[in-house]
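The values are calculated or read from the model by the stated rules, or taken from the named source; none is laboratory data. What you are looking at is a predicted structure, and each value in this text was computed from that prediction instead of being measured. As a convention, Cβ positions derive from the backbone with ideal geometry for all residues, glycine included, and neighbour counts pool all protein chains shown. What goes into the accessible areas is simple: the full protein's heavy atoms, side chains included, and nothing from ligands, DNA or RNA. Shrake-Rupley method; radii C 1.70, N 1.55, O 1.52, S 1.80 Å.
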Amino acid sequence: QVQLVESGGGLVQPGGSLRLSCAASGSIFSIYTMDWYRQAPGKQRELVATVTSGGSTNYADSVKGRFTISRDNAKNTVDLQMNSLKPEDTAVYYCHAEIRTRMSRPKSDYWGQGTQVTVSI
């Protein structure tokens, strides 16, 4: 009933930029935190950036100063602007959100399908 759809991944050279977008749709009463995670081959999924419904943000140390997370509460979207990309940023990036579908129900976790980001010459 709720879908998160990501877009914007691709291949970029070191030092380049990409912008990821994620749109939530379906039966949505309210959205709490929205996040971006990533998972590189052979590694665990890690939290990259978080934005609360009030706009507070938090970043992994590895991306501070290079990545910016933002959200549009009216459109139920969250973006990740990635600058000064490095080869070690190569991973599948996943959108995540805590969503309440009805006022009477607790919030649940929802994930997007993932989008590949490859940073290489």
**Study point:** Euclidean distance of C-alpha centroids, segment 65-121 and segment 39-62, integer Å
**Key:** 8
Review point. Which lysines have a Cα lying under 30 Å from the Cα of K107, excluding residues fewer than 8 positions away in the same chain?
Key: K43, K64, K75
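How large is the dipole of segment 41-104 about the Cα centre if only Lys and Arg carry +1 and Asp and Glu carry -1, each at its Cβ, rounded to the nearest 20 debye?
Value, rounded to 20: 160 debye.
Within a Cβ distance under 14 Å of S27, other residues only, what is the Lys/Arg minus Asp/Glu net charge?
Details: positive: R100, R102, R105, K107; negative: none.
Around S27, the surrounding residues sum to +4.
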Revision key, fill the gap. Relative contact order of segment 1-104 (C-alpha contacts under 8 Å, at least 6 apart) in percent is 36
**Study point:** Sequence-separation-based contact order of segment 57-102, relative, with Cα cut under 8 Å and 6+ spacing, percent
**Key:** 26
Point to revise | Estimated vicinal HN-Hα couplings, Hz - segment 106-111 in sequence order (Karplus 6.51, -1.76, 1.60; Gly, Pro = x) | key: x, 6, 10, 8, 10, 10
Review point. So which residue, out of L80, L20, L11, gets the largest mean-square fluctuation from a GNM of the chain using Cα contacts under 10 Å as springs?
Key: L11
Review point. Which percent, to the nearest 5, of DSSP beta bridges fully inside the chain are antiparallel?
Key: 95
Review point. According to the square roots a ≥ b ≥ c of the eigenvalues of the Cα gyration tensor, what is the shape class of the chain, taking rounded for a/c under 1.5, prolate for a/b larger than b/c otherwise, and oblate for the remainder?
Key: prolate
Point to revise | At most 11 other Cβ within 10 Å, DSSP loop - trypsin sites (Lys or Arg not before Pro), segment 44-121 | key: K64, K75, R102
Review point. Karplus couplings for segment 40-51 from phi (6.51 cos²θ - 1.76 cosθ + 1.60, θ = phi - 60°), rounded to Hz, Gly and Pro as x?
Key: 8, x, x, 10, 6, 5, 10, 6, 9, 7, 10, 9
Practice item. Pop out the ³J(HN,Hα) list for segment 77-83 in order, Karplus 6.51 cos²θ - 1.76 cosθ + 1.60 with θ = phi - 60°, rounded to Hz; leave Gly and Pro as x. Key: 10, 9, 10, 10, 8, 10, 10
Practice item. Heavy atoms only, probe 1.4 Å: what % of the accessible area of segment 1-43 goes to carbon and sulfur, would you let me know? Key: 51
